[in-house]
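The values are calculated or read from the model by the stated rules, or taken from the named source; none is laboratory data. Please read all numbers here as calculations on a predicted model, not as lab measurements. Every residue, glycine among them, receives a Cβ derived from its backbone with ideal geometry; neighbour counts consider all protein chains shown. Just the protein is used for accessible areas: all its heavy atoms, side chains included, with ligands, DNA and RNA removed. Shrake-Rupley method; radii C 1.70, N 1.55, O 1.52, S 1.80 Å.
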Amino acid sequence: MNRLRSALWLPLFDDLADPRVVSRLAAEAEEAGWDGVFVWDQLCWRTPVRQVADPWIALAAIATATERLRLGPMVSVLARRRPAKVARETASLDRLSGGRLTLGVGLGSDRFAGELSRTGEQLDDRRRGRMLDESLAILAGAWSGEPVRHRGEHYVVDDITFLPRPVQRPGVPVWAAGFPGNVRPIRRAARLDGFFPANLEHPDQLAEAVGTVAGLRRGEMTSYDIAVGLPLGVDPEPYARAGATWWLPELDPGVRLDTVRGVLRDGPAT
């Protein structure tokens, strides 16, 4: 069994809505032996949350405050972002961090904060899924350093070369989120670099999903990541035995800074 790596997973609200605060937390996490810091990517949230930080600015601050930690948005709803802009952002952030970026992606949902409907975004899950897949194809092309010529259902990129490339080759690792029982997200994740199953209730549920991914990848799991978010107090070890390679303790939206520091001091999984 591979070593289970540990990452803080920060909702960028209220006490954590200041990139300076988040960058200091990341530096403390690195010193304490954590392996990564990932951040939520949201435009808004429900009351009583009032303040929200931009994930890309926060991640840039984290990149400059740390030297070793893996970092990234977990997860970004690519259907509400222009893929050409994301191509530039990800390459720049990967270079700023020295090749430490992981891009978490997913369909997103309108049920938590209504941020899709309140900003006029696409609400149909299947359509957002097609937008996500199209965006991923554009990103892969952009990260290659070759000219991108794309005319799809949703996006156009007409003969643009995206240089400089990311540090990582062939590009930034991508983890796809999804519910373990849903076939489409698992198939998408199997084509990428990692899977981030949502709302896990039991290690057996994870083991089944890992088995499905392994089958789709014909057993090639050596460099593949399985990240699990678990409520505070839940032992991650059974999930590691089921195939998890990363553990992200879940923090509630609007979590107080002292609570985060307590989790940080408790230390990563060993």
Exercise for review: May I have the extent of the alpha carbons of the stretch 1-50 along their three principal axes, as whole Å values ordered from largest to smallest?
Suggested key: 41, 24, 14
Review point. Using the per-residue mean of other Cβ atoms lying within 10 Å as a proxy for protection, in what order, highest first, do the peptides 82-89, 153-160, 177-184 fall?
Key: 82-89, 177-184, 153-160
Review point. Just the accessible area per residue of the stretch 80-187, please: how many Å² with a 1.4 Å probe?
Key: 49 Å²
Exercise for review: Let me have the 222 nm mean residue ellipticity of the chain computed from DSSP H runs of 4+ only, each contributing -39500 (n - 2.57), with the sum over all residues rounded to the nearest 500.
Suggested key: -11000 deg cm²/dmol
Check your understanding: Looking at the square roots a ≥ b ≥ c of the eigenvalues of the Cα gyration tensor of the chain, which shape do they give, rounded for a/c under 1.5, prolate if a/b is larger than b/c, or oblate?
Key -> rounded
Exercise for review: Choose one of VAL21, GLN122, ALA60: the residue whose Cα lies farthest towards the positive end of the charge dipole of the stretch 1-151 (beta-carbon charges +1 Lys, Arg; -1 Asp, Glu; about the Cα centre).
Suggested key: GLN122
Exercise for review: Label the stretch 97-154 by shape, choosing from rounded, prolate and oblate, from the square roots a ≥ b ≥ c of the eigenvalues of the Cα gyration tensor; if a/c is under 1.5 it is rounded, and otherwise prolate applies when a/b is larger than b/c, oblate when it is not.
Suggested key: oblate
Review point. Considering amide H positions built from the backbone, and no H for Pro or chain starts, which residues 5 or more places from GLU250, or on another chain, come under 5 Å of its amide H?
Key: LEU230, LEU232
Exercise for review: Taking the Cβ of VAL167 as the centre, find all other residues whose Cβ is under 10 Å away and add up their charges (Lys, Arg: +1; Asp, Glu: -1).
Suggested key: +3
Check your understanding: Cα centroid distance between the stretch 226-270 and the stretch 5-57, in Å?
Key -> 14 Å
Point to revise | Under Karplus coefficients 6.51, -1.76 and 1.60, residue-wise ³J(HN,Hα) of the stretch 234-246 in Hz, glycine/proline x | key: 7, 5, x, 4, x, 6, 5, 5, 7, x, 5, 10, 10
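Please report the carbon-and-sulfur percent of the accessible area for the stretch 24-131; probe 1.4 Å, protein heavy atoms only, DNA, RNA and ligands left out. It would help to have the intermediate numbers written out before the result.
Numbers: 2310 of 4840 Å².
Ligands and nucleic acids excluded, carbon and sulfur give 48 percent.
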Revision key, fill the gap. Answer in debye to the nearest 20: the dipole magnitude of the stretch 13-102 about its Cα centre, from +1 Lys/Arg and -1 Asp/Glu charges placed on Cβ, is 520 debye
